[in-house]
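K.L.:
One structure, pasted below without further comment.
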Amino acid sequence: MGVISFSEANCKNCYACVRACPVQSIKIKNEQAIIMEERCIACGLCLKACPKNVKKIETELEKVKQFIKSGQSVVVSLAPTAFGVFKNQGHKLVAALKKLGVSHVEETVVGAEVVTQVYETYQHFHLDKCYITSCCASVNLLIEKHYPKVIPHLIPVITPLMAHARMLKLKYGQDVKVVFVGPCLAKKIEGEEEESISAVLTIQELKQWFNEAGIKLNELEEVPLDDGLVSQRTYPMVGGMSKCFNEKDKKIEIVSVDGIRDCIEVIEGIERGEFKNIFFEMSACHHSCLGGPAIGEECENIFNRKMRIKDYARQTQPLHEMSEGGRLPLINLNRVFKNQYSPIIQPSEKEIELILNNIGKYSAMDELNCGSCGYPTCRQKAIAVYNHMAEPTMCLPYMKHKAETYSHVIFDVTPSIILVVDKSLTIIDFNPAAERFFEVKKDQAIDLPVSIFLDEAPFSSVIESKSDLLGHRLSLNENKTIVIQSIIWIEQQEVMLCILHDMTSEMAHELKMQHLKINAIDMAQQVINKQMIVAQEIASLLGETTAETKVTLTRLKRLIQEDEGGLL
Ligand code: SF4
Ligand code: SF4
Ligand code: SF4
């Protein structure tokens, strides 16, 4: 399973996550959204979009607690974003982490410095090429999984976190457990790839850890970082990385791009060869890492976070003094990006047409492109159906039309009389059976009070009780017609559906059967009477047996009567 998933939810008619996902990485199967790990870039947009909040993020918090419990040395690489998130208490984070048992805390920007030094060299080239920074884990995944042709434009350098983790291992020993804490979900995937990273926690998980341990930042004394870099603290802001450049001899244009949709636009432009001699500083998140997806829902607005980071970048303390030459990059900074392309298969025009036909779309006019299925166009939805990522029934207009068609057929052809009556006891619909029975056309019946045709009392009682009245027998048409009346309250529309089932012929048949049975019993009575006369005549000859014959015949009569039940 990937780092992000959805727990079970009824996704029917929602598809907000499908709509939010910029790279079509969510499929719907049996009305349940499923994240396709092979396509997901861990941008977190779907999690923010889900109205049911059924996100599941793989957490390594217990693993980190276990490291500490088992006496292993845990070193935290703390993303600078954290200092912008905790209201006026960011400077207490080191104290809190140490209280939890962490042995050292350094800012991730220590690793950023060595990466920036490599990036800086690219601004001196004047080539017919453009470059993309490789410090955003989500952008790297975007290019590897969706735009592999652009891999040669990614600067082949590890991310600041990877660099820092390798540096921490060199500094504190290969046995230490390096744990990153930051705002990013994609870093969890990066953590799985980079062996010097033992675990990745989000800022949200850090808050949870503080809560569980009863840590209150305002009750702690400030403790200095074990290492940090004031000059690189704007790194999580848009353009923050290039601000750290020494722009002397710059031969290339530096452009900052934030937000996944803008990143995609630029990457597609690069693929088409539209840009030259530009250095793109790219962050998948809008507002860069400061707008990261895992900082906690209750977090206040982005501009406060920005102000805090700016303030923080102006502070030179609290930091331990750095030893001379302490940050020489003795680590390998090279990175080879992998082609992880997992394409969506393009069906033929004929195949698309067939899928569209299946959902009642036979011409361009039928393609509403309304987006309620989560796809911007009907054709894109058809392609998703072809790739088993979407279900035909996700098309709301089609399902509505289908339901309406079925209900109209029933409404029109049923022999039952149907009236729809609103709360003011006015008729708002009248079916053909009602037209025939009441001998009034639908357009004349509509807007008439129901009392013209039926007793309004049961309707009033249904409105009052908001509960159905079922199986009520009544006579209409000067007692010539017997109907069973049901009045159903439809809460959503606040109307009543009145169904009258004509029972006249059934009742007549029942009556006829009753008469037949009564006649049969009369005949039996006559036979018994005749038998009795004969029996009495024989009685004188046979004596006592006469009484037994009478008893037997009387029993026979009773049995016949009982067999006819309540009819007699
Ligand atoms: S995390 Fe991003 S890429 Fe992954 S499924 Fe969600 S929206 Fe799509
Ligand atoms: S911008 Fe930062 S937080 Fe957002 S995906 Fe990239 S690295 Fe992660
Ligand atoms: S009409 Fe098209 S865009 Fe709208 S829900 Fe149906 S398939 Fe999707």
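The values are calculated or read from the model by the stated rules, or taken from the named source; none is laboratory data. What you are looking at is a predicted structure, and each value in this text was computed from that prediction instead of being measured. Positions of Cβ are backbone-derived with ideal geometry, glycine not excepted, and every protein chain shown enters the neighbour counts. Just the protein is used for accessible areas: all its heavy atoms, side chains included, with ligands, DNA and RNA removed. Shrake-Rupley method; radii C 1.70, N 1.55, O 1.52, S 1.80 Å.
K.L.:
Given C-alpha coordinates of region 59-314, what is the ratio Rg to Rh with the Kirkwood estimate of Rh?
P.N.:
Rg/Rh: 0.97.
K.L.:
Can you return the lysines within cross-link range of Lys99? Criterion is Cα-Cα under 19 Å, with same-chain partners fewer than 8 residues away left out.
P.N.:
In chain and number order, the partners are Lys63, Lys65, Lys69, Lys177, Lys207, Lys216.
K.L.:
Evaluate the charge dipole of region 206-303 about its Cα centre and quote only its size in Debye, nearest 20, assuming +1 on the Cβ of each Lys and Arg and -1 on the Cβ of each Asp and Glu.
P.N.:
Dipole size: approximately 440 debye.
K.L.:
Could you run the Karplus curve 6.51 cos²θ - 1.76 cosθ + 1.60 with θ = phi - 60° over region 486-493 and give me ³J(HN,Hα) per residue in whole Hz, x for Gly and Pro?
P.N.:
The phi angles translate into 10, 10, 10, 7, 9, 4, 4, 8 Hz.
K.L.:
Could you check what % of the DSSP bridge pairs in the chain are antiparallel, to the nearest 5?
P.N.:
Taking every DSSP beta bridge within the chain, about 55 percent pair in antiparallel fashion.
K.L.:
So what is the 222 nm mean residue ellipticity for the chain from helices alone, if each DSSP H run of at least 4 adds -39500 (n - 2.57) and you divide by all residues, rounding to the nearest 500 deg cm²/dmol?
P.N.:
-12000 deg cm²/dmol
K.L.:
Can you list the HN-Hα couplings for region 460-471, worked out from phi with the Karplus curve (6.51, -1.76, 1.60; θ = phi - 60°), rounded to whole Hz and with x for Gly and Pro?
P.N.:
3J(HN,Hα) across region 460-471, in whole Hz: 4, 5, 5, 4, 5, 8, 6, 10, 6, 10, 10, x.
K.L.:
Restrict the search to region 330-377; then list the trypsin sites (Lys or Arg not before Pro) that DSSP places in a loop and that have at most 12 other Cβ atoms within 10 Å of their Cβ.
P.N.:
Lys338
K.L.:
In debye, nearest 20, what is the charge dipole magnitude of region 314-464 about its Cα centre with +1 on Lys and Arg Cβ and -1 on Asp and Glu Cβ, if you could check?
P.N.:
It works out to roughly 1100 debye.
K.L.:
In the chain, what percent of the accessible surface is made up of carbon and sulfur (1.4 Å probe, ligands and nucleic acids excluded)?
P.N.:
Its accessible area is 53 percent carbon and sulfur atoms.
K.L.:
Then there is this: Taking H as built 1.01 Å from N, whose amide H comes closer than 5 Å to the amide H of Val255, not counting residues under 5 places away?
P.N.:
Close amide H contacts, sequence-distant or interchain: Phe279, Phe280, Glu281.
K.L.:
Where nothing but the Cβ of Lys and Arg (+1) and of Asp and Glu (-1) is charged, how large is the charge dipole of region 344-394 around its Cα centre, in debye to the nearest 20?
P.N.:
It works out to roughly 80 debye.
K.L.:
For region 59-314, what relative contact order do you get, as a whole percent, if you take Cα pairs closer than 8 Å and at least 6 residues apart?
P.N.:
Answer for region 59-314 is 30 percent.
K.L.:
Gain in length, Glu506 to Lys65, computed as 0.36 nm per residue apart minus the alpha-carbon separation, to one decimal in nm?
P.N.:
Full extension from Glu506 to Lys65 adds 151.1 nm.
K.L.:
So for region 159-277, Kirkwood radius off the Cα pairs, Stokes-Einstein at 20 °C and 1.002 mPa s: how many µm² s⁻¹?
P.N.:
Roughly 121 µm²/s, to the nearest whole number.
K.L.:
Taking region 1-89, which GluC sites (Glu not before Pro) meet the DSSP loop condition and have no more than 12 other C-beta atoms within 10 Å?
P.N.:
Glu8, Glu38
K.L.:
Suppose a student asked you for the relative contact order of the chain, using Cα pairs under 8 Å spaced at least 6 residues apart; what percent would you report?
P.N.:
RCO, the chain: 13 percent.
K.L.:
Let me ask you something else. Stokes-Einstein D for region 170-230 at 37 °C, 0.692 mPa s, Kirkwood Rh over Cα pairs, in µm²/s?
P.N.:
The calculation lands on 240 µm²/s.
K.L.:
Accessible area per residue, 1.4 Å probe, Å², for the chain: what's the number?
P.N.:
Using a 1.4 Å probe on heavy atoms only, each residue of the chain averages 51 Å².
K.L.:
I would also like to ask the following. Based on the alpha carbon coordinates of the chain, what radius of gyration and maximum Cα-Cα distance (Dmax) apply, in Å?
P.N.:
According to the Cα coordinates of the chain, Rg and Dmax are 40.1, 146 Å.
K.L.:
Evaluate E = 1/(1 + (r/R0)^6) for Glu268 and Asn211, where r is the Cβ-Cβ distance and R0 equals 41 Å; express this FRET efficiency to the nearest 0.05.
P.N.:
After rounding to 0.05, the efficiency reads 0.45.
K.L.:
Which three extents, in whole angstrom, do the alpha-carbon atoms of region 344-394 cover along their principal axes, largest first?
P.N.:
25, 22, 16
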